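Comments concern the structure below.
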């Protein structure tokens, strides 16, 4: 066939192609071993030399024409095929996902972590101490000798006449001071479980406390004002920016002066409600300036060192933070309760 | 301590307009918290009336229709009391009166108009212990001199106001009306008045006929006075009312005066029937096995730690706690001996804890001012002369080893301001001390404060600083944050990291009580230990400290199961106790679904919980350092063939497994790790390892081995033969069934070979691979399976 005929035939054939299979068949028809264009190109040997160049160009034109058409058609068909495949893979994206269970962190421990983070950011150490304590550390080294009336304030679980479950995290104060051998300033908190021999609607025999102790050289003047400022930061963080504090002189054997600290009621904001017994205040902290006897007994010279200490229960802070109405829920461990605490705190 | 407003008015002129609640609030602000502040008898609109006629109600066999003159008018009131009759003076609650039982409203009672209520004493809301039979059974009959129309409470002397304080244990001085007067004086800047201690003495001297003999150091001060011809009768109304307002039941004038003086001065007194007592009082420690019958008629067993008051013959009282029955003042008593003494607080506390806590023991425990010991005995004499016609013998038996001078404490003004972080002027500081009734010698830099003996709680400078902050007011000191000096804010966040890892693995954190029942304490462990029991548990249900945290989780599981919660995956980090020591432990319990979804729901099995253990150990840096070993001693709560010890570098740190069907019917999987034991195995810092630049070669193979052989055994052998070039072994299939003998199984491994220094040749890998096959076949009687 002549060049022009082939070109016409090819243009016609290309128009009728509908699939990638037909396209490949066409490739055999034109460019296969016995293909129309292949055969045409073989005729070059019968062409006089001076025409060979022009003939060659014509054949290449045909090849290029075919390949261009082939490639573009091939692209189109492939895309169509892929689209068909994708469509066949259509799913319902609203069906449930596959996931492992969601874990959760106990609200008390969440509160503890928040308190730890706050105090670490203010330069405090976090110190751990034993829950099974000796009478010495829980009482005696805190200026509470045997027979002291203030021991009535805390009914204890004794295991022997020497060992008991700690009634207060304050026990860690003495341990920390001894550890630092009266030489280094201290700025620490200790958070953990404490135990008292009482069980009623508002007291659980097991509860959690945070204890803070700051001791520095006298010239640095760690004072009641510093204690006040620190507790204001602490309570505002836990109970909200509008929280007000009231320092009430009180008595603890390990501090002198001693203060109980009330917060403006977090339920009614100070207007008076049944939670605060209409007083507008809720007692939350015990605090004071470390008693010189406590410093002395634990290796710090009260003429050279001084500081403050404070302690508070955490259970109620956790209840406030998450709006938990009943203290018992904290220790019941119903998974429907636990599972609610499964995301990041804000 | 209950403060009676009428009582304290004897010693301080509180402004009438000062509201009782305000007094409570102001006292709270200076450190004396209150529980109640208000009227002693919380009633309104009670007046004195006279019944001018009393007829039976036509429709009732017990109601009376009375006409009552209340001064301004005559009211018709229906009254059911049997003693209602014409001519008596009564208490009338007018229309709208508020009584503890409710509000009185006029209305019809069986058709008869009733314009109020005629009251019994009981209806006024007095505590039951103060009520006599007649107070409850009928309406109160007032004396004929009572003036119609006047305020009935005022007439009865029950128009008192009280504040019930919850005091701190250091303020023993406030357990007295006089102490309260000084405190109120400091608060409102008022002067405290003197007490009336005047009385006459007869010529006979007590020292001629009576002796005291103090044989123990536990009594520092002992005073005795003798009174004769005492007339025992009812106390005057004001004494009875004040005692009741302070919560003490009136008995008779003598007993009441003893209590009255204790309330007034804070000093407990004891009165003996002098004729039954004899001529001597001895203070000594009790003998072991000594017995004493106390006032409450109970026989008490004493020991050498109890202080007793005795005659030569026998003990007649437990010092500071309770008197003895044999020398009690009774209605026929004529002559009395008064004891006013100070006993050691710690001893009294211990004895009273054993026998009974009383108003007296409470005061001895907290310490007493020797000056008040003298004051009280004089005051009692004065009152007994006045209200019991007693004749008082001259002189006093006295033993006194106390010092009651003012304590002198020097304190620098700067010191006060340094500790408080304040800027209080010298004048203001002196003013505070003066308000408290402390004399001061003010110098330029410091002040010498004369602390009176009543303030036993003030012994050091710091106590004075507290006084300044109390009266000056902490609200007036501005808060600030401490300046950070040398600091070491170390924080070990390992436990927190573990908690968060477990949370991310889909487990819920629990928090349990560590007190458990002794029956459960040895469960879920095969460790041998002596359990720690409480000496004095609240309930037997929680009488022992837990050893295993797993045991707590099992209780949580049971609770949840009972509440229909099925998918439970929980963990707890906490202490386990033994031998006066404690270990930090983590336990987990998993049952039900672990992953959720339409086609991918998966229930917890051994390999899932084992996966949790491995994830945790890997996270903590123990990768490749642990193994799972079949234990020799399996706790009986575990499935005997689905349990493993968790072994880290040769030490058993925990257990993982399924629970025995005898423990629980459901498929429940648990683990527990002793974290303290685990942390003994140190973990180094994370370090970058060179990544090989050369390609690795993977090869698969499978061995047929005995069914009982653990995969671990084969892996160990493969590792040994594989040497340095073998980088990784993974099990990808375990097969039993067709083509495998019944007692055999096939395990398929994927091995990865790699050399960090060069590209491996096929020949090298084949050599190692063949060596592995050879060794495993020979040493473990295994057969390579054709794949």
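Select from segment B:475-507 the residues that are at the interface with chain A (Cβ under 7 Å from one of its Cβ atoms) and under 20 Å from residue B:609 (Cβ atoms) and write down the one among them that is surrounded by the fewest Cβ atoms within 10 Å (Cβ to Cβ).
B:504
Is there a residue in segment B:620-628 that is modelled with pLDDT of 95 or more, assigned by TED's automatic domain parsing to the domain that holds residue B:549, under 15 Å from residue B:586 (Cα atoms) and assigned to a strand (DSSP E or B)?
no
So which residues in segment B:323-346 are within 21 Å of residue B:225 (Cβ to Cβ) and outside any loop (DSSP other than H, G, I, E, B)?
B:323, B:324, B:336, B:337, B:338, B:339, B:340, B:341, B:342, B:343
Go through (1) out of contact with any strand residue (DSSP E or B) (no Cβ under 7 Å at 6 or more places or on another chain); (2) in contact (Cβ under 8 Å) with a residue 60 or more places away in the chain; (3) more than 7 Å from chain A (Cβ to nearest Cβ) one by one and return the number of the condition residue B:537 breaks.
Here residue B:537 clears every test but (2).
Output the number of the condition that residue B:58 fails; it satisfies all remaining conditions of (1) more than 30 Å from residue B:190 (Cβ to Cβ); (2) part of a helix (DSSP H, G or I).
Single failed check for residue B:58: (2).
Across segment A:103-115, what is the total count of residues that are at the interface with chain B (Cβ under 7 Å from one of its Cβ atoms) and assigned to a helix (DSSP H, G or I)? Write out each step before concluding.
Kept after step one, since they are at the interface with chain B (Cβ under 7 Å from one of its Cβ atoms), are these residues of segment A:103-115: A:103-106, A:108-109, A:113.
Those left that are additionally assigned to a helix (DSSP H, G or I): A:108-109, A:113.
Residues flagged as at the interface with chain B (Cβ under 7 Å from one of its Cβ atoms) and assigned to a helix (DSSP H, G or I) within segment A:103-115 amount to 3.
Six or more apart or on different chains, Cβ under 7 Å: which pairs go from a residue in segment B:723-747 that's over 20 Å from residue B:760 (Cα atoms) to one that's in a loop (DSSP other than H, G, I, E, B) and at pLDDT below 95? Could you list them?
Here the result reads B:743/B:707; B:744/B:707; B:745/B:707; B:745/B:736; B:746/B:740, each pair linking segment B:723-747 to a residue that is in a loop (DSSP other than H, G, I, E, B) and at pLDDT below 95.
Considering segment B:433-453 alone, what residues qualify as being surrounded by fewer than 21 Cβ atoms within 10 Å (Cβ to Cβ) and in contact with a helix residue (DSSP H, G or I) (Cβ under 6 Å, 6 or more places away or on another chain)?
Restricting attention to segment B:433-453, the residues satisfying the condition of being surrounded by fewer than 21 Cβ atoms within 10 Å (Cβ to Cβ) are B:434-435, B:437, B:439-446, B:448, B:450, B:452-453.
B:435, B:437, B:440, B:442, B:453 - these are the residues of segment B:433-453 that are surrounded by fewer than 21 Cβ atoms within 10 Å (Cβ to Cβ) and in contact with a helix residue (DSSP H, G or I) (Cβ under 6 Å, 6 or more places away or on another chain).
Give the residues of segment B:578-606 that are over 23 Å from residue B:644 (Cα atoms), under 38 Å from the mean Cα position of the chain (by Cα), within 9 Å of chain A (Cβ to nearest Cβ) and surrounded by 15 or more Cβ atoms within 10 Å (Cβ to Cβ), sorted by residue number. Show your work before the answer.
Restricting attention to segment B:578-606, the residues satisfying the condition of being over 23 Å from residue B:644 (Cα atoms) are B:578-582, B:595-601.
Checking the rest, the ones that are also under 38 Å from the mean Cα position of the chain (by Cα) come to B:578-582.
Filter again for within 9 Å of chain A (Cβ to nearest Cβ), leaving B:580-582.
Result: B:582, single match.
Which residue, of B:747, B:772, is part of a helix (DSSP H, G or I), touching a helix residue (DSSP H, G or I) at 6+ places or on another chain (Cβ under 7 Å) and not assigned by TED's automatic domain parsing to the domain that holds residue B:624?
On the way: B:747 fails: part of a helix (DSSP H, G or I).
One residue alone meets the criteria, B:772.
Limited to segment B:433-449, what total is found for residues that are within 15 Å of residue B:185 (Cα to Cα), away from chain A (no Cβ under 14 Å) and outside any strand (DSSP E or B)?
First, the residues of segment B:433-449 that are within 15 Å of residue B:185 (Cα to Cα): B:433-439.
Next cut, away from chain A (no Cβ under 14 Å) only: B:433-435, B:437-439.
Right, trim to outside any strand (DSSP E or B) and you get B:433-435, B:437-438.
Number satisfying all stated conditions: 5.
Let me confirm something: among A:288, A:311, A:307, which residue is outside any helix (DSSP H, G or I) and more than 11 Å from chain B (Cβ to nearest Cβ)?
Numbers: A:288 fails: more than 11 Å from chain B (Cβ to nearest Cβ); A:307 fails: more than 11 Å from chain B (Cβ to nearest Cβ).
Answer to the selection: A:311.
Suppose we filter segment B:511-525 for residues that are part of a loop (DSSP other than H, G, I, E, B) and either facing chain A (nearest Cβ under 7 Å) or in contact with a strand residue (DSSP E or B) (Cβ under 6 Å, 6 or more places away or on another chain) (or both); how many remain? Working first, answer last.
Initial filter on segment B:511-525 (part of a loop (DSSP other than H, G, I, E, B)): B:511-514, B:517-525.
If we keep only those that are either facing chain A (nearest Cβ under 7 Å) or in contact with a strand residue (DSSP E or B) (Cβ under 6 Å, 6 or more places away or on another chain) (or both) too, we end up with B:511-514, B:518, B:521.
Qualifying residue count, segment B:511-525: 6.
Taking the stated definitions as given, is residue A:318 buried (at least 17 other Cβ atoms within 10 Å of the Cβ), within 13 Å of chain B (Cβ to nearest Cβ) and touching a strand residue (DSSP E or B) at 6+ places or on another chain (Cβ under 6 Å)?
Details: buried (at least 17 other Cβ atoms within 10 Å of the Cβ): yes; within 13 Å of chain B (Cβ to nearest Cβ): yes; touching a strand residue (DSSP E or B) at 6+ places or on another chain (Cβ under 6 Å): no.
No; evaluated as a whole, the condition is false for this residue.
Could you please find all residues in segment A:194-204 being out of contact with any helix residue (DSSP H, G or I) (no Cβ under 8 Å at 6 or more places or on another chain) and more than 7 Å from every other protein chain (Cβ to nearest Cβ)?
A:194, A:195, A:196, A:198, A:200, A:201, A:202, A:203
Residues checked against (1) at the interface with chain A (Cβ under 7 Å from one of its Cβ atoms); (2) surrounded by 22 or more Cβ atoms within 10 Å (Cβ to Cβ):
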{"position": "B:509", "(1), (2)": "yes, yes"}
{"position": "B:527", "(1), (2)": "no, no"}
{"position": "B:550", "(1), (2)": "no, yes"}
{"position": "B:565", "(1), (2)": "yes, no"}
{"position": "B:575", "(1), (2)": "yes, no"}
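Count, please, the residues in segment B:450-460 that happen to be within 24 Å of residue B:188 (Cα to Cα) and either facing another protein chain (nearest Cβ under 9 Å) or in contact with a strand residue (DSSP E or B) (Cβ under 7 Å, 6 or more places away or on another chain) (or both).
Taking segment B:450-460 first, the residues within 24 Å of residue B:188 (Cα to Cα) are B:450-458.
Then keep just the ones that are either facing another protein chain (nearest Cβ under 9 Å) or in contact with a strand residue (DSSP E or B) (Cβ under 7 Å, 6 or more places away or on another chain) (or both); that gives B:450-451, B:457-458.
Total meeting the criteria: 4.
Any idea which of (1) in contact with a helix residue (DSSP H, G or I) (Cβ under 8 Å, 6 or more places away or on another chain); (2) outside the structural domain of residue B:94 (by TED's automatic domain parsing) is the one residue B:166 doesn't satisfy?
Of (1) in contact with a helix residue (DSSP H, G or I) (Cβ under 8 Å, 6 or more places away or on another chain); (2) outside the structural domain of residue B:94 (by TED's automatic domain parsing), only one is false for residue B:166: (1).
Would you confirm whether or not segment A:338-346 contains a residue that is surrounded by fewer than 21 Cβ atoms within 10 Å (Cβ to Cβ), within 13 Å of chain B (Cβ to nearest Cβ), under 34 Å from the mean Cα position of the chain (by Cα) and at pLDDT below 90?
yes
Can you go through A:302, A:257 and tell me which one is buried (at least 19 other Cβ atoms within 10 Å of the Cβ), assigned by TED's automatic domain parsing to the domain that holds residue A:113 and farther than 19 Å from residue A:238 by Cβ?
On inspection, the qualifying residue turns out to be A:257.
One line per residue, one yes/no per condition, for (1) surrounded by 16 or more Cβ atoms within 10 Å (Cβ to Cβ); (2) within 7 Å of chain B (Cβ to nearest Cβ); (3) farther than 30 Å from residue B:570 by Cβ:
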site: A:141; (1), (2), (3): yes, no, yes
site: A:145; (1), (2), (3): no, no, yes
site: A:180; (1), (2), (3): yes, no, yes
site: A:191; (1), (2), (3): yes, no, no
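Any idea how many residues of segment A:236-268 are under 13 Å from residue A:286 (Cα atoms) and in contact with a strand residue (DSSP E or B) (Cβ under 9 Å, 6 or more places away or on another chain)? Quick ask: steps written out before the conclusion?
As a first pass, look at segment A:236-268 and keep what is under 13 Å from residue A:286 (Cα atoms): A:245-263.
From the residues that got through so far, the ones that are in contact with a strand residue (DSSP E or B) (Cβ under 9 Å, 6 or more places away or on another chain) too are A:245-252, A:254-263.
Number of matching residues: 18.
Within segment B:379-416, restricting attention to residues that are out of contact with any strand residue (DSSP E or B) (no Cβ under 7 Å at 6 or more places or on another chain) and crowded, with 22+ Cβ neighbours inside 10 Å, which residue is nearest to residue B:482 (Cα to Cα)?
Only one residue fits best here, namely B:416.
Can you name every residue in segment B:351-362 that is more than 19 Å from the chain's Cα centre (by Cα) and farther than 14 Å from residue B:301 by Cα?
B:358, B:359, B:360, B:361
Of the residues that sit in segment A:205-235 and are out of contact with any strand residue (DSSP E or B) (no Cβ under 7 Å at 6 or more places or on another chain) and facing chain B (nearest Cβ under 9 Å), which one is surrounded by the fewest Cβ atoms within 10 Å (Cβ to Cβ)? Break it down into steps so the answer makes sense when it comes.
As a first pass, look at segment A:205-235 and keep what is out of contact with any strand residue (DSSP E or B) (no Cβ under 7 Å at 6 or more places or on another chain): A:219-221, A:223, A:225, A:229-230, A:233-234.
Remaining after also requiring facing chain B (nearest Cβ under 9 Å): A:220-221, A:223, A:225, A:229-230, A:233.
Working: A:220: 19, A:221: 17, A:223: 22, A:225: 23, A:229: 17, A:230: 23, A:233: 14.
Here the answer is A:233.
Considering segment A:1-33 alone, what residues qualify as being farther than 11 Å from residue A:70 by Cα, within 60 Å of the chain's Cα centre (by Cα) and part of a helix (DSSP H, G or I)?
Within segment A:1-33, just A:21 meets the criteria.
The values are calculated or read from the model by the stated rules, or taken from the named source; none is laboratory data. Here the structure is a predicted model, which is why all the values come from computation and not from measurement. Note: ideal-geometry Cβ built from the backbone for every residue, glycine included; neighbour counts use all protein chains shown.
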